[in-house]
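Trainee: Quick one: this structure, given as structure tokens, is what I'll be asking you about.
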Amino acid sequence: MSKIKRLAGETLLYGLGSMLPRFLNFLLVRLHTDEHVFSPDDYGIITKLFAYAAVANVIFMFGMETAYFRFATRPGADERKIFNLAQTIVIGISLSLSIFFILLAQPIAEMMYLKGHINFLLWLIGLMFIDAAVAIPFARLRLQKKAKLFAVGKLINVFILIGLNIYFLKFAFDPAVGLGYVVLANLTANAFYILFFAKTLFAWRPRWDRYISSEMFTYAYPVMLTGLAGMTNEMFSRFTLEWWLPQNFYPGQTSNYALGIFGASYKFAVFMNLAIQAFRYAAEPFFFSNAADKNSPQLFARVNHYFVIVCCVFLLGVSINLDILKYFLGSEKYWEGLYVVPILLLAYLFLGVYYNMSIWFKLSDKTFYGTLITLAGAFITIGANYILIPKLGYLGSSWAALVCYFSMTVICYFLGQKYYPIPYGVGKSLAYILSTILLVYVVNYFHFQNIWRSVAFHGLIIGIYLLVIYALEKTAFRKPAT
């Protein structure tokens, strides 16, 4: 059990470095959705802008984080050399793409309905370049198990971001800049990373190894394609609501309005996504480091089982407390979309399980299977959105996300059992998930006018839920790591 406890401890530290900053960043939703700051239409444009950036970021980084972990943990590997090779590739790709986007900034700005605001796009390009430039240094901290330093960097960044948002939007607001302040604040806050990693970046020496660099490219490009297809799965609904939502589907409102409502509701799924991200930061180097252990399949199965349990706690905790969490939104206009949150949380839960199960093709160097699985997910996303959005609006986008991630998990599981068998407790995991969904449905049937009664009732439910989990798992908790 010691390995799992160590993984849990590292996940908590990465939680401080990723979950806490992004949760604090989530608090900005109240500021951004204030009716005196941004309207739902404006918030829809912000949502769309960062969706484009998220997709482009995957190409900028080119899957090199995973390639760095894989090659730096090989027996006899020179970690410093692998770091220099990976950083050289990332800087080369991201710099080339940044120059390309800058040269085409004018037509791209017009395509993104930012005519007259080309500076917004230039700020966004700078933001993406910095994200790429520090991706491998952050990966190195994870490999070296410097979770505390990782957390410090992320926390300072988010405090700068929050401070700048408050300053720009409350004290120095200029309508001519408007939503551009959100991009500028992110760019300025991320510029801090250049100082944070100054020693590492100055020590970096551009290198190219004809054999190893080619191998890293071969390993990484399917990971990049997988990430690109995965980001399409996650972000596609932001674009398709504008394309496929029938006119006047939401009476008197535009597609940007619907996107703004959906984008704000999507922010509540961040609770599950943050848990997944914190776990991934700790688990990816953990999986690679323990791959050579003869008992690693059993270890990985136990890790996934506990991961599902934790995600079920998040699913329950957020879904039954939306009547309180809704006050994080600055305007009541955004409340109308909160009914999609449990569906999105469940979708992210399956995405997290998929990330766990995907370790088989990373360890067996069959990363092209990840591309095929995620491309299948992308086709499912596109098809489901095309069918469901005209009928259900952004509710259809939510169901499309769930169908996509569930399908990817199922495909990944069966392929993994063929090429890299891991004895996952599928029955037990499904039992936890289904019973949690049922409990959410039952609890949300009860409504309280008094908010404190609601808090007490929901707290009691969560407490009982945790006690039941402990009763069911206490024997397994005491077992030594296999």
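The values are calculated or read from the model by the stated rules, or taken from the named source; none is laboratory data. Here the structure is a predicted model, which is why all the values come from computation and not from measurement. Neighbour counts run over all protein chains shown; Cβ positions are idealised from the backbone, glycine included.
Trainee: What is the residue count in the stretch 431-452 for residues that are closer than 30 Å to N295 by Cβ and in contact with a helix residue (DSSP H, G or I) (Cβ under 9 Å, 6 or more places away or on another chain)? It would help to see each step written out before you state the result.
Mentor: First, the residues of the stretch 431-452 that are closer than 30 Å to N295 by Cβ: 431-436.
Checking which are in contact with a helix residue (DSSP H, G or I) (Cβ under 9 Å, 6 or more places away or on another chain) leaves us with 432-433, 435-436.
So the count comes out to 4.
Okay, residues lined up against (1) at pLDDT below 90; (2) touching a strand residue (DSSP E or B) at 6+ places or on another chain (Cβ under 6 Å); (3) surrounded by fewer than 22 Cβ atoms within 10 Å (Cβ to Cβ); (4) part of a helix (DSSP H, G or I):
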residue	(1), (2), (3), (4)
K294	yes, no, yes, no
L299	yes, no, yes, yes
H305	yes, no, yes, yes
L315	no, no, no, yes
K326	yes, no, yes, yes
Y334	yes, no, no, yes
Y339	yes, no, yes, yes
L344	no, no, no, yes
L349	no, no, no, yes
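Trainee: A further question follows. Of these, V403, V455, which one is β-branched (V, I, T), touching a helix residue (DSSP H, G or I) at 6+ places or on another chain (Cβ under 9 Å) and free of Cβ contacts under 8 Å to residues at least 24 places away in the same chain? Break it down into steps so the answer makes sense when it comes.
Mentor: On the way: V455 fails: free of Cβ contacts under 8 Å to residues at least 24 places away in the same chain.
None of the other options fit; the residue is V403.
Trainee: Right, Y281: in contact with a helix residue (DSSP H, G or I) (Cβ under 8 Å, 6 or more places away or on another chain), within 30 Å of A72 (Cα to Cα) and either surrounded by fewer than 21 Cβ atoms within 10 Å (Cβ to Cβ) or modelled with pLDDT under 70 (or both) or not?
Mentor: yes
Trainee: Mind checking which residues of the stretch 53-90 are in a loop (DSSP other than H, G, I, E, B), over 10 Å from G227 (Cβ atoms) and either modelled with pLDDT under 85 or among the aromatic types (F, W, Y) (or both)?
Mentor: Taking the stretch 53-90 first, the residues in a loop (DSSP other than H, G, I, E, B) are 62-63, 73-78.
Then drop every residue that is not over 10 Å from G227 (Cβ atoms), which leaves 73-78.
Hits for the stretch 53-90 are T73, R74, P75, G76, A77.
Trainee: OK, next. Give the residues of the stretch 86-140 that are on the phi < 0 side of the Ramachandran plot and of a type in the set (F, W, Y), sorted by residue number. Can you show your working first?
Mentor: The initial filter retains those residues of the stretch 86-140 that are on the phi < 0 side of the Ramachandran plot, namely 86-112, 114-115, 117-140.
Passing the criteria: F100, F101, F120, W123, F129, F138.
Trainee: Follow-up. Looking at (1) part of a helix (DSSP H, G or I); (2) of a type in the set (D, E); (3) at pLDDT 65 or above, which is the only condition E10 fails?
Mentor: (3)
Trainee: Here is a follow-up. Among Y167, Y181, which is farther than 30 Å from S255 by Cβ and among the hydroxyl-bearing types (S, T, Y)? Steps first, answer last, please.
Mentor: Working: Y181 fails: farther than 30 Å from S255 by Cβ.
When all the criteria are applied, what remains is Y167.
Trainee: Related question: Taking interchain pairs and intrachain pairs at least six residues apart, which have beta carbon atoms under 7 angstrom, with the first residue in the stretch 74-96 and without any contact (Cβ under 8 Å) to a residue 24 or more places away in the chain and the second aromatic (F, W, Y) and surrounded by 15 or more Cβ atoms within 10 Å (Cβ to Cβ)?
Mentor: Pairs that qualify, where the first residue is without any contact (Cβ under 8 Å) to a residue 24 or more places away in the chain and the partner is aromatic (F, W, Y) and surrounded by 15 or more Cβ atoms within 10 Å (Cβ to Cβ), are A77/F71.
Trainee: Quick check, is Y181 closer than 25 Å to H32 by Cβ and in contact with a helix residue (DSSP H, G or I) (Cβ under 8 Å, 6 or more places away or on another chain)?
Mentor: yes
Trainee: Is there a residue in the stretch 116-134 that is surrounded by 15 or more Cβ atoms within 10 Å (Cβ to Cβ), touching a residue at least 60 places away in the same chain (Cβ under 8 Å), touching a helix residue (DSSP H, G or I) at 6+ places or on another chain (Cβ under 9 Å) and farther than 25 Å from G92 by Cα?
Mentor: yes
Trainee: If P222 meets every condition in (1) out of contact with any Ser or Thr (no Cβ under 7 Å at 6 or more places or on another chain); (2) at pLDDT below 80 apart from one, which number is that one?
Mentor: P222 satisfies all of (1) out of contact with any Ser or Thr (no Cβ under 7 Å at 6 or more places or on another chain); (2) at pLDDT below 80 except (1).
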